[in-house]
Amino acid sequence: MYRNSLNRRNFLQQTGLWAAAAAAGGLPTLANAAREKELNIYCWEGYNSDDVLDPFRREFDAKVRAEGLTSDPDAVNRLRAGETAVWDLINVNNPWAREMMYPEGLIRPLPRERFEPMFENMMPAFHPPYPWAMDKSGEELLGMTQRFGPFNFVVNTDKISKATAEDEGFNVFLDSGMQGKYGVLTYDNWNIYHMCVTAGVHPFKAHTPEEIEAFTVACKQIFNGAKILTDDLVQMNLALINGEIDAYFTGGTYTASSARYDGATQVRGITPKSGPMDGKGGIVWIELTSVVNNPEVSPLAEEFLAYIQRPDISKLVAFAEGTYNPVSQMGDPAVMGQFDADELDAIQWDSLEEEMANSADYDINPDYAEMYEIYSAAKREREA
Amino acid sequence: MEDAREALLVLDGLTKAFGDFVAVRDVRLDIRESEFFTLVGPSGSGKTTMIRMLVGMEQPTSGEIRLNGRVLNQVPANRRPTCMVFQDLALFPHKSVGENIEFPLKIAGVAPRVRRERASALLRQLRLPVDYYDKGVNQCSGGERQRIALARALAFDPQILFFDEPLAALDFRLRKTLEKELKDIHRETGKTFVYITHSLEEAMVMSDRIGIMKNGGLVQIGTPHEIYNRPVNKFVAQFMGEVNTLEVEAAGAHAVREVQGEGTFEVRDMPEHFTRGFLIIRPEVMKLGPAAAGAANTVSGRLFNDYALGSRVQYQVRSAGGAQWLVERLQDDPFEGASDGEVTLGWRPEDSILVSE
Amino acid sequence: MSGRPAASERAAPTGVRRWWRRPGPLCAFPVSLFLLAGFAGPLVIVLAYSFMPPRTFSLRQAPTLENFASVISDSYYLSFFWSLFLATTAVLILFLVCYPIAYGMAKLFGRWANLVTALVALPLLISENIRLFGWVLVLLKNGILDGTLQQLFGVSVSGLLYTVPAIVLGLVYVYLPFMLFPLVIGISMVPESLKEAAADLGASRFEIFREVELPLSMPGIMIGGILSFILALGSLAESKILGGQTVIMIADDIESAFTFAQNWPKGSVLSVLLIALSGLIVVMLFRNIDLDRIIGRR
């Protein structure tokens, strides 16, 4: 592909450097020295609530700045765009650290001797060496797990029983009687995986043209039958409770728990009993918090990682504002003791173990780019 | 020779009040066909309110406006067969000269070709180059803009054309030229013009008849000659320009006595039941020095100042009684006496004007 | 004719004189630099990315037209169409809704105009998403409107949300101030005496509007129209929140391309095309409507 003259490549290199410089120049620059007392966290909502941060600020006499993120790709983009110079900690879903951020030099490894023992107290599924927390070679520890949750689809159990939904899995949405009675929560990356599952295709493996074709058919069918598309989980739950829709495509504990905690326990995340992922039909995400490869990284970054493992703080992270989720630290009785019955019901604790058993871990889809084209075209061309 | 028919425009007890303030009070006026009628008054005299009622931009509080016998009070401005040249001309800045002139024709639904011809004819009539048709109005000079505004009003072909002091903002020379042009156009078109101005001088140049307004009422209506020679009161007389005004009381059939003791003066015409009022003598009819010898009325005083007024010279004299007198003579006939000297003033009884108020 | 060479001789040294010694450019330099870095810079970066190979995160690649080709061959014309259609519809409705209000504020309301201004401007302090979500609660099945009508009249109007009209409603609602305020200024720029003159010359209320008010308030209409059109063209939240993505607007595609698709070059191409489209429309409008003439400078 490189048939261009050296001069032209030089020019492009110059352009790139200039662009990077311009991008970096536009960002808040932090004082080089005195980073001992400050910490910048870029994370999913929950870790950035003042309930979580204030005790840390007091204890470490630190200035903590936290910004919530709304999508993994967005967050990783910002690090790529030069914000590694800004943040000390990044919290995204499991595959990004191992597959993207560490290979791209955006995060740095943790000292294993300090952090690996903390995995011992977690739920059994997270016992060390926990693959998603390690780099591909298995040598480096890349981050700490905490919140996680099965993520598949959500139904109103007054309309569709849990048992039916679990048995039928994503086929629920292909039923002709469901046309115009469901929504699609446009967490696009998740939808692509779930549309693979709907098509009977394993999302996290390389795909044959036939599988891509099956995916395309499923994509169009799901979009054309949807009543609502939105990326707002509150709006989706509202539509579910109000009867605009009976179910929504892509969702789970993360999206259902706030409605459930408010008393709408008919809103329930469903994990299919079976499916194409080595027999499994559900997917579970695990958030991983990693130290950013900041040239001036704050020493408080590691302290914060240790701090959020404490039982009371774990509970605060699990029940931050907006969404409620199980945390891997619930393997520790001291953490479990923090939750009451309503809270456990909100996060569907009763079926969590079973759902986890029926779920494959969230991963990278090697054909994501191609599938995304198909997916976004199906969304645009939707026959509403 | 009075026509038996009603005049073209009749104002019958026209009154306009804004809250407690009465801007126009019980005005009765007939305006005749083809007449150039000018309403003159100082600012605040109600003339602007009056013309706004006449064109339909204000509703009279009471009284009637009749045009050819038809009551116009409730007829909105756009339905009246009259129109006005505005003080600021109100030319449409987004339209060309031609489009401005054609505007009333376009509204009337005249075909584009016809109205273009008419606009060109009006440009010629108003001595504007025909290639101005496509020019922007803001590229034209002040005088040209006046003519465009007039052409636009004429294009409307109104039964009466009103003017709201359109020349007020122009410099003296241009104003003089346009006053005469306006009079020419009045004669050429034969239309009825109703003009308002605060300048009696301007009114004198152009008008067939003049109405003088004060505090919302009409004080006097007459030809320029009548207004000049027979002002009905001190206000009208003084509005004409600087005059000698003496407060007097009757002192016989043909004599009045100045109340401060300046003397007793002979007059020719004594109004009926005159007891007390004002004696008005124009400065230009006063005689000064030897010329005053033998005049029926004389006063002696000291000449203390003189001013050149272009074609005339004005002299100021202070009489023994303390009154100040004005005398005007032509520039080429100056007073030869010593300044700051004793002089005699004199005037004929027929040059005296007596008014009661 | 001897003046000509002299003039050019005089002009020559001025042109040659170093720009940094002339006060105008010198004073403008810091602002120019700021504009260049803050405004032109990001645009240049987006433009540069549009020529990079798909799904790359660096500008140090050989340029390619691949993204343009794939965008054109794909169904993105649908998103462009919807954005253009919805923006145009919203602007037309906004004009019809705002003109009477603006007329009232400029000419009729007097001191109440300040209250109207405050009422219109106040919602701008609240996040757009929250305001739109308010409308969701109104339009939702069994929501405020539906519920009230069911309660009072037994009529159900459940199909309002997640429709194209709902998106238009959102656009009109959100961009109302951007149309209204320029219109108020535009309308108050029309001198009363011109309207009186037009009436005096026989024009009816409508003819005054058509011949005088509309053309003379055109600067305000243009600014309001362009402002709301460009904003609506790049809008996202209305189609997402009120439309339930019934249709996908181009900004939605751009956002997806930069985020979920992880395809910066494609997002850049879509951005470049949207910017070019907006620019083209603005240039065409300004070419056909001579503002200088309207304001009366020519």
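Filter the range C:229-252 down to residues that are modelled with pLDDT of 85 or more and of a type in the set (S, T, N, Q) and give me whichever is surrounded by the most Cβ atoms within 10 Å (Cβ to Cβ).
C:239
Among the candidates C:86, C:59, C:78, C:92, single out the residue that is more than 11 Å from chain A (Cβ to nearest Cβ) and crowded, with 17+ Cβ neighbours inside 10 Å.
C:86 is the lone residue from the list that is more than 11 Å from chain A (Cβ to nearest Cβ) and crowded, with 17+ Cβ neighbours inside 10 Å.
Name the helices (runs of 4 or more DSSP H) wholly within the range C:133-216 that hold at least 1 residues that are free of Cβ contacts under 8 Å to residues at least 24 places away in the same chain and buried (at least 23 other Cβ atoms within 10 Å of the Cβ)?
C:192-200
Any idea which residue in the range B:126-149 is farthest from the chain's Cα centre (by Cα), counting only those that are within 14 Å of another protein chain (Cβ to nearest Cβ) and among the aliphatic types (A, V, I, L, M)?
B:137
Against the definition (of a type in the set (Val, Ile, Thr), over 22 Å from residue B:138 (Cβ atoms), modelled with pLDDT of 90 or more and surrounded by fewer than 22 Cβ atoms within 10 Å (Cβ to Cβ)), how does residue B:189 come out, yes or no?
yes
So is residue A:105 surrounded by fewer than 18 Cβ atoms within 10 Å (Cβ to Cβ), in contact (Cβ under 8 Å) with a residue 24 or more places away in the chain and within 14 Å of chain C (Cβ to nearest Cβ) or not?
yes
Going by the structure shown, is residue C:65 in contact (Cβ under 8 Å) with a residue 60 or more places away in the chain and more than 9 Å from chain A (Cβ to nearest Cβ)?
Considered against the rule, which asks whether it is in contact (Cβ under 8 Å) with a residue 60 or more places away in the chain and more than 9 Å from chain A (Cβ to nearest Cβ), residue C:65 comes out as no.
Just the residues that are part of a loop (DSSP other than H, G, I, E, B) and touching a Ser or Thr at 6+ places or on another chain (Cβ under 9 Å), please, taken from the range B:7-20.
Within the range B:7-20, just B:8 meets the criteria.
Quick one: what pairs do we get from the range A:345-373, first residue within 22 Å of residue A:266 (Cα to Cα), second surrounded by 21 or more Cβ atoms within 10 Å (Cβ to Cβ) and aromatic (Phe, Trp, Tyr), C-beta under 7 Å, 6+ apart or different chains?
Taking only residues 6 or more apart or on different chains, the pairs are A:346/A:324; A:347/A:324.
Before we move on, is residue A:230 in the same structural domain as residue A:366 (by TED's automatic domain parsing), touching a residue at least 40 places away in the same chain (Cβ under 8 Å), out of contact with any Ser or Thr (no Cβ under 7 Å at 6 or more places or on another chain) and buried (at least 18 other Cβ atoms within 10 Å of the Cβ)?
No.
With (1) crowded, with 19+ Cβ neighbours inside 10 Å; (2) more than 21 Å from residue A:304 (Cβ to Cβ); (3) out of contact with any Pro (no Cβ under 8 Å at 6 or more places or on another chain) as the list, and residue A:163 as the residue in question, which single condition is left unmet?
(1)
Of everything in the range C:45-56 that's among the hydrophobic types (A, V, I, L, M, F, W, C) and facing another protein chain (nearest Cβ under 8 Å), which residue is nearest to residue C:228 (Cα to Cα)?
C:45
Give the residues of the range B:226-284 that are exposed (fewer than 15 other Cβ atoms within 10 Å of the Cβ), small (Gly, Ala, Ser) and at positive phi, sorted by residue number.
Within the range B:226-284, B:241, B:252, B:261 meet the criteria.
Criterion first (in a loop (DSSP other than H, G, I, E, B), away from chain C (no Cβ under 12 Å), modelled with pLDDT of 50 or more and surrounded by 13 or more Cβ atoms within 10 Å (Cβ to Cβ)) does residue A:40 satisfy it?
Taking the combined requirement at face value, the residue does not satisfy it.
Just checking: which of the strands (runs of 3 or more DSSP E) contained wholly in the range B:21-125 hold 1 or more residues that are surrounded by fewer than 18 Cβ atoms within 10 Å (Cβ to Cβ) and in contact with a Lys or Arg (Cβ under 8 Å, 6 or more places away or on another chain)?
B:21-31
Results for (1) in a loop (DSSP other than H, G, I, E, B); (2) within 14 Å of chain C (Cβ to nearest Cβ); (3) basic (Lys, Arg); (4) closer than 20 Å to residue A:278 by Cβ, shown as yes or no for each residue.
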{"residue": "A:137", "(1), (2), (3), (4)": "yes, no, no, no"}
{"residue": "A:147", "(1), (2), (3), (4)": "no, no, yes, no"}
{"residue": "A:150", "(1), (2), (3), (4)": "no, no, no, yes"}
{"residue": "A:165", "(1), (2), (3), (4)": "no, no, no, no"}
{"residue": "A:193", "(1), (2), (3), (4)": "no, yes, no, yes"}
{"residue": "A:204", "(1), (2), (3), (4)": "yes, no, no, yes"}
{"residue": "A:216", "(1), (2), (3), (4)": "no, yes, no, no"}
{"residue": "A:227", "(1), (2), (3), (4)": "no, yes, yes, no"}
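Return the pairs, sorted by first residue and then second, in which the second residue is small (Gly, Ala, Ser), the first residue lies in the range B:177-205 and is closer than 24 Å to residue B:8 by Cα, the beta carbons are less than 6 Å apart, and the residues are 6+ apart or on different chains.
B:190/B:34; B:192/B:34; B:197/B:203
Scan the range C:166-193 residue by residue and report those that are more than 21 Å from residue C:101 (Cα to Cα) and facing chain B (nearest Cβ under 9 Å).
The one that is more than 21 Å from residue C:101 (Cα to Cα) and facing chain B (nearest Cβ under 9 Å): C:193.
Among the residues that make up the range B:27-37, is at least one of them at pLDDT below 95, more than 14 Å from chain C (Cβ to nearest Cβ) and over 18 Å from the mean Cα position of the chain (by Cα)?
Yes, that holds for at least one residue.
Does residue C:255 satisfy the condition of being touching a residue at least 40 places away in the same chain (Cβ under 8 Å), surrounded by 20 or more Cβ atoms within 10 Å (Cβ to Cβ), in a helix (DSSP H, G or I) and of a type in the set (D, E, K, R)?
no
Considering each residue of the range C:95-132, count those that are in a loop (DSSP other than H, G, I, E, B) and in contact with a Gly (Cβ under 8 Å, 6 or more places away or on another chain), and give that number.
Number of matching residues: 0.
So which residues in the range B:102-125 are of a type in the set (Gly, Ala, Ser), within 14 Å of chain C (Cβ to nearest Cβ) and within 21 Å of residue B:185 (Cα to Cα)?
B:119
Go through (1) facing another protein chain (nearest Cβ under 10 Å); (2) assigned to a helix (DSSP H, G or I); (3) among the hydroxyl-bearing types (Ser, Thr, Tyr) one by one and return the number of the condition residue C:228 breaks.
Looking at each condition in turn, residue C:228 falls short on (1).
Could you please let me know if residue A:173 is within 14 Å of chain C (Cβ to nearest Cβ), in contact with a strand residue (DSSP E or B) (Cβ under 8 Å, 6 or more places away or on another chain), closer than 20 Å to residue A:380 by Cβ and of a type in the set (Phe, Trp, Tyr)?
Criteria not met by residue A:173.
The values are calculated or read from the model by the stated rules, or taken from the named source; none is laboratory data. These numbers come from a predicted model, not from an experiment. Backbone-built Cβ (ideal geometry, glycine too); neighbour counts: all protein chains shown.
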